[in-house]
Amino acid sequence: MVKKILSLIAFVASLAACTDDFKDWLSPQVVPQPEQVSFGNGNISTVGIIDLNNITAERVKVCDITAPTSTDGNYTLSSYLLTLGEETFEIGTDGTIATADLQAYIEKIYTCNPIQRDIDATVSTWLTNGSTTVKIISDVFHVSAIPQAPVIEQAYYLTGSINGWDNTDTTYKLTNDGSDPYVNPIFKVRIPATQDGSNIEFKMTPESGLGGDWSGCLSAGDTEGQFAYKNAGGNLVIVADPDALFYDLTFKMLEQTWTATPVGFNEFIYEIGNESGWSEPHPLHGDGNGFYSAVIYLNGEFKFKPNKDNWDGDWEKVSGDATSGTLTTDGGPNMDGVAEGFYFVQVDLKEMTYKVTPVTSISIIGSVRGNWDTDIDMTYNEIMKCWEARETLSAGEFKFRLNHDWAINWGGSVDDLTQGGANLQIAADGAYVIRLFLSDEAPAHCTVKEDNGYPDNFYEIGNEGGWSTSHLLLGDGNGKYQGYYWLDGEFKFKPNADNWDNDLEYVSGDNTSGSLTDGGGPNCPDPGAGFYQINLDFANMHYSLTKIESVSLIGGFNDWGGDVDMTYNKEEGCWQVTTDAVSGEYKFRANHDWSINWGGSVDDLTQGGDNLTIDGGTHTFKLYLSYNGAHHVTIE
């Protein structure tokens, strides 16, 4: 049995966990000059930039206070209060605040990203002469502070015994989900176990240190399960587990802890074959015990491999036929050719066997249709890569099954469907859209949504693609759709990718907007060759186009004051640029204007989303808009 090598040490660092960053990219703050503001007939003086990384005392000075006085000299002065934003703290007569309070406030409002934050502040007190009490509040001044935190880069690379201690090697990349590392400071990577069963010694080289010295590496800490920044310790060590095929490494960058968890089987393996010209691998999801499955479109011979991007350790046929057989890693023929179509593909790496079952139907069955005797057949959505059905259903239970038979069926949780799992639930009577995903790099899962009568997506088709390519427009659920595509000539809209049923034609307008009809008519007029934001309002039968003259990068690398223009690649359908000008926070925008901009996650960019982050270096950005159901960017 696979044993856990390293357990998470309950090491509590002085740094608190971060919260979502304050969205200050629209109006970057200017470093304040030393200032003095009034405080009654006293004053408050600022003290410059406070770097909490260099503060060891329990209290830190945030201002100098010259106390206000009363006119008659007969007064009592109360203690001082400092207000930062909407929070108030006790402040000493020497202008100091508890260091921990200032750190916690910055983390709460911003993150613990160690960059300068300029915070509006006031100081208040009370004066009394025995009969009258007066509250005195200073004018607004700025507390400028850098929170305590290590510098966390966007990626680190394993350098150690498994790659010859080559610190230019980028094979094993430790990263989070691509977001701000101070918002998500948990970094992960999966690495292979050694074939000879030896321990793995390593350090983690930061992206900025690739090919350089070792000064910035993550190394061993003082106690087991702890790591140190700036190469302050020896090598990190994974003690070999004889049953491990891989190790999942997790580094918690703020807590400075790490774990290595042995994995007996990979999360995915991949089919590759003649159906894609041996160029596109298709994932099979594993159950953790060596059993993998997926519904895959096959056409001819095929084989399996453990890695998406290479052929190392691939599996070939030992014996069997087109529907089942045994596997080997020692080299051999491909699996026999199968007829073109969908197949339920199963691989058992414990037994080294495979099986493919032709898919004649995938269906919904259950009490949601009154009984468990009638299947609701689903159709395959080529664009969304899923099986779907639109049906009016009753409250009750249901499952999915293959070929109208219970031998292969799915239930359990909508987010993690399993063979033979428990019945799923529909809470109320109504019209629903149900989608079943069996071929993603994710567990089998489904979505169940109320059907409001609008198609989930629409499609543009036109002269630019020889009237043969449908371009996806993403729906908002309320009859409005949007996409970004190159147009060149006339075009029209249709609700289905694979047919012309109920398509929409032009009624009146101009070459960038107009009204539509589903009763037959001419195509929408040529807007002129170019890249456009396409907006379709199906509820009101209207469309409009906004020409995208430019798409660019903009960010903190030049104080949000300039754009790095990208070039449209028609062949790949993306905007791209190679540049070394980007470091820190950045976004994408159209036409050098903020009315159309994208941020958030590199895998799912949204209009007006949060700033993205990247470390310095030369990168190639490829921005795909409306591609496979989401805007996203790849970075090399």
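Overview of values
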{"item": "Radius 14 Å from Cβ of ILE186, net charge of other residues (Lys, Arg +1; Asp, Glu -1)", "result": "-2"}
{"item": "Linear extension gain, ASN463 paired with LYS108, 0.36 nm per residue minus alpha-carbon span", "result": "122.5 nm"}
{"item": "Paramagnetic reach from ASN403 (point 7 Å along Cα→Cβ, amide N under 12 Å) across segment 281-323", "result": "323"}
{"item": "Segment 388-528 - convex hull of alpha carbons, volume per residue in Å³", "result": "145 Å³"}
{"item": "Angstrom value of the Kirkwood radius, inverse mean 1/r, which spans all Cα pairs in segment 29-174", "result": "17.7 Å"}
{"item": "Rounded to whole Å, sorted largest first: equivalent-ellipsoid semi-axes of segment 450-500, Cα gyration tensor", "result": "22, 11, 7"}
{"item": "Virtual paramagnetic centre 7 Å along Cα→Cβ of ASP243, amide N under 17 Å, in segment 319-356", "result": "349-351"}
{"item": "Largest-first ellipsoid semi-axes for segment 338-419, taking √(5λ) over the Cα gyration tensor eigenvalues, angstrom", "result": "25, 16, 12"}
{"item": "Alpha carbon Rg of segment 126-254, scaled by the compact-globule rule 2.2 N^0.38 Å", "result": "1.65"}
{"item": "Relative contact order, percent, segment 496-636 [alpha-carbon distance under 8 Å, six or more residues apart]", "result": "15 percent"}
{"item": "Cα-based convex hull, segment 492-550, per residue volume (Å³, whole number)", "result": "90 Å³"}
{"item": "On Cα atoms only, tilt of 99-109 relative to the major axis of the chain in degrees", "result": "40 degrees"}
{"item": "Where Rh is the Kirkwood radius over Cα pairs, Rg/Rh for segment 529-574", "result": "1.14"}
{"item": "Per DSSP, loop GluC sites (Glu not before Pro) in segment 246-352 with at most 13 further Cβ within 10 Å", "result": "GLU351"}
{"item": "Partners for LYS494 among aspartates and glutamates (Cα-Cα distance below 14 Å; same-chain residues under 8 apart left out)", "result": "ASP456, GLU460, ASP503, GLU505, ASP518, ASP537"}
{"item": "Pairwise label distance in nanometres, SER124 with ASP440, each label 7 Å out on the Cα-Cβ vector", "result": "5.0 nm"}
{"item": "Å² per residue, accessible surface of segment 354-498 at 1.4 Å", "result": "44 Å²"}
{"item": "Alpha-carbon spread of the chain, three principal axes, descending order, Å", "result": "100, 73, 52"}
{"item": "Estimated FRET transfer efficiency when R0 is 56 angstrom, pair GLU391-SER208 (beta carbons, to 0.05)", "result": "0.55"}
{"item": "Relative contact order of the chain, pairs being alpha-carbon contacts under 8 Å that are 6 or more residues apart, as %", "result": "7 percent"}
{"item": "Binned Cα-Cα distances of segment 337-379, short to long, each 5 Å bin given as a whole percent", "result": "6, 18, 17, 15, 14, 13, 11, 6, 1"}
{"item": "Computed lengthening from THR620 to LYS173, 0.36 nm per intervening residue step minus Cα-Cα distance", "result": "159.2 nm"}
{"item": "3J(HN,Hα) from dihedral phi, segment 434-446, Karplus parametrisation 6.51/-1.76/1.60, rounded to Hz, x for glycine, proline", "result": "10, 10, 10, 10, 10, 9, 8, 7, 6, x, 4, 8, 9"}
{"item": "Alpha carbon centroid spacing (whole Å) that separates segment 335-366 from segment 468-500", "result": "33 Å"}
{"item": "Rounded FRET efficiency, nearest 0.05, which uses the C-beta distance separating ALA67 from ASP321 and R0 of 60 Å", "result": "0.05"}
{"item": "Hull volume in cubic angstrom per residue (convex hull over the Cα atoms of segment 291-430)", "result": "127 Å³"}
{"item": "Computed FRET value (nearest 0.05) for ASP604 with ASP580, which takes r as the C-beta separation and R₀ as 30 Å", "result": "0.70"}
{"item": "Overall Cα dimensions of segment 493-605, principal axis frame, Å, largest first", "result": "53, 28, 26"}
{"item": "Distant alpha-carbon pairs in segment 202-283 (separation over 17 angstrom), percent", "result": "61 percent"}
{"item": "Inter-probe distance in nm under a simple model that places probes 7 Å from Cα toward Cβ, at SER79 and ALA57", "result": "1.8 nm"}
{"item": "Proportion of all alpha-carbon pairs of segment 266-335 beyond 18 Å (%)", "result": "34 percent"}
{"item": "Computed [θ] at 222 nm, deg cm²/dmol, the chain (DSSP H ≥ 4; -39,500 (n - 2.57); rounded to nearest 500)", "result": "-500 deg cm²/dmol"}
{"item": "Label point distance in nm, TRP165-SER131, each placed 7 Å from Cα along Cα→Cβ", "result": "8.5 nm"}
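The values are calculated or read from the model by the stated rules, or taken from the named source; none is laboratory data. Every value quoted in this text rests on a predicted model; they were computed, and no experiment measured them. Cβ coordinates were reconstructed from backbone atoms using ideal geometry, including for glycine residues, and neighbour counts include every protein chain displayed. For the accessible areas, the whole protein counts, side chains as well, though only heavy atoms, and no ligand, DNA or RNA atoms are used. Shrake-Rupley method; radii C 1.70, N 1.55, O 1.52, S 1.80 Å.
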